[in-house]
Each structure stands twice: as C-alpha cells, then as structure tokens.
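The values are calculated or read from the model by the stated rules, or taken from the named source; none is laboratory data. Just so it is clear, the model here is predicted, and its values are computed rather than measured. Here the Cβ positions follow ideal geometry from the backbone for every residue, glycine too, while neighbour counts run over all protein chains shown.
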C-alpha cells in the first residue's frame, strides 16, 4: 500500500493528523519518522515498535479509530493515491482477478483506500479487540510483516480457493522478500535500494508508479 498504491507512507501522515487534533507531539512525529526510516532500511524491530505504537490505544473503542481514519484519509492521504496504482488495480479488476491490499498497516488505515479503488479485500496487521469492542493495546500474531505477511497472505489465498503460486504481488520493500519469493509473479514497485538489487538479480520487473 505505502509507496505503491500511495506515493507516501501512511504512518507519519496519520501522526500529522494527530498533531493537528492535539493528540500527538513533535516527538511523536519524529519517532514515527524514525520508525519509517528503520522500516525502509529493513532493520526495524517490528514486534517492539508495534507494541509501543499500539499501547496508547489500550482501552479506547475500535469505533473511534475507525471514525478518525475515515476523517483522516480524504484530507491527508487521498491526494497521494498514485495514478499507476489506480491503473493497475483497474486492470486486475477488469480481468476478474481476486484483488487485495496486503499491508503491514491496519485495516483502519487501509479500508478507505480499498473502498476508493474498489478493492474488495484487505490482508493487514490486526489490532486485538476485547469483547467490549475496546483495544487491548496489543497486536494479534502474526504481524503482517516479513514471514507473518507471507503467512497471512497464504491463509487468505487458501480461503479464496487459490494458492500463492497463482498470484502477483507488488511491493516496494525488501522486508516483503518472503512473500515476493512465494508468488508466481513478483513486481518491485518504487523499490528501496536493497529490493531493487534483489529484483535485478532475480529478473523481477521493476516499475515506477506515480
């Protein structure tokens, strides 16, 4: 999703929204940017970061985050939807393919984009919610990251009556190498430096979506 369907990454865009709402500090923004840089470099401790990022949600209603993301998306995110992403999604939908956003972000952040592009399915990191509809402040395992993303994508494909060796997967990040290596057709889109080198080595196509 980030840097493929979108020209920007959504984590810092959401913290910018939080700052305007008086819910985040400059430190929060800088910390998030630091996490994004670690992710881009492929050196992030995702389990530690996820727990730190989700802890403030503990005890808050899931419906409130849904509402906030619905308000955030059209103002902060929609203008960054890539023309290349729109075009490719349209091609797949017109062919009748099963199309899903597979992302390390949450369903709350990705749902407005999926709706805008007509994408019917989302495979994402899941935030744990208790019986009262309140966040526990913890993620559900596995996180949709590295091997966890592969596991979640494989489960989704099987649930849809398919397998990953029939699939096309588009990614910008070296962290997605496990899933890229498992699909029929891997495409590097706006790739980071390490993924670009790996794509060249493996003969994967490299595309630029703007």
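Numerical summary
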quantity: Residues that are over 14 Å from residue 4 (Cβ atoms) and in contact with a helix residue (DSSP H, G or I) (Cβ under 6 Å, 6 or more places away or on another chain), drawn from the range 180-210; calculated: 182, 183, 184, 194
quantity: Candidates 206, 174, 168 - the one that is farther than 16 Å from residue 42 by Cα, under 17 Å from the mean Cα position of the chain (by Cα) and surrounded by 13 or more Cβ atoms within 10 Å (Cβ to Cβ); calculated: 168
quantity: Which numbered condition residue 75 fails, given (1) at pLDDT 95 or above; (2) in a loop (DSSP other than H, G, I, E, B); calculated: (2)
quantity: Any hit, the range 16-38, residues being surrounded by 13 or more Cβ atoms within 10 Å (Cβ to Cβ), within 17 Å of the chain's Cα centre (by Cα) and outside any helix (DSSP H, G or I); calculated: no
quantity: Residue 55 being on the phi < 0 side of the Ramachandran plot, part of a helix (DSSP H, G or I) and modelled with pLDDT of 90 or more; calculated: yes
quantity: Members of the range 65-122 found to be on the phi > 0 side of the Ramachandran plot and either surrounded by 14 or more Cβ atoms within 10 Å (Cβ to Cβ) or in contact (Cβ under 8 Å) with a residue 24 or more places away in the chain (or both), listed by number; calculated: 118
quantity: Of all residues making up the range 128-142, the number that are surrounded by fewer than 20 Cβ atoms within 10 Å (Cβ to Cβ) and either within 19 Å of residue 87 (Cα to Cα) or touching a strand residue (DSSP E or B) at 6+ places or on another chain (Cβ under 7 Å) (or both); calculated: 8
